[in-house]
Amino acid sequence: MNGPSKKKINIPVIIVIVFFIIFVSLYFIQFTDLYEYEQYNKMIMTKEAMDRFEQDVSEGKNIEIENYLENTVKDYSNNASKLGNKASNFIERLMTDGIKRTFKVLGSLFT
């Protein structure tokens, strides 16, 4: 008798399952109108800033545009993301150099 058989991991099935989960998540987000809700909230904040601007103009206050613009740039960088960027750049350089060398070898074979 043979020992216990090892169960094979079916990678294509796992990939399909991951893509299905991503699809269902994105569909659910679109279905619940989460994106439209976020855009609506941004519009309300913009309208509130416009109202403040108009009130400040009517009161003759000193107006600076920075007081009415929302800072939408968020910095999500941390040590993990910086390490990921460095690893990504390193892999990109490796792949680029490898492809260049491959074409150089293939070019020398045909010339």
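Descriptive notes on the structure:
- Selection among Phe23, Val105, Gln39 by position relative to the dipole of the chain gives Val105 as farthest towards the positive end (Cβ unit charges, Cα centre).
- Cα gyration tensor shape of segment 10-69, rounded if a/c is under 1.5, else prolate or oblate by comparing a/b with b/c: prolate
- From the coordinates shown, Cα Rg over 2.2 N^0.38 Å corresponds to which of (1) 2.08; (2) 1.71; (3) 1.00: (1)
- Per-residue 3J(HN,Hα) values for segment 102-107, derived from phi via the Karplus relation 6.51 cos²θ - 1.76 cosθ + 1.60 with θ = phi - 60°, read 4, 5, 5, 5, 5, x Hz in sequence order (x marks Gly and Pro).
- For segment 68-107, the convex hull spanned by the alpha carbon atoms encloses 69 Å³ per residue.
- Degrees, to the nearest 10: 34-59 long Cα axis against longest axis of the chain: 30 degrees
- Spacing of the two label points (7 Å from each Cα toward its C-beta) at Phe90 and Ile63, in nm: 5.3 nm
Values quoted throughout were computed directly from the atomic coordinates according to the rules given, and no laboratory measurement underlies them. Note that the structure is a prediction, hence the values are computed from the model and not measured. Methodologically, a virtual Cβ is constructed for each residue, glycine included, from the backbone with ideal geometry; neighbour enumeration extends over all protein chains shown.
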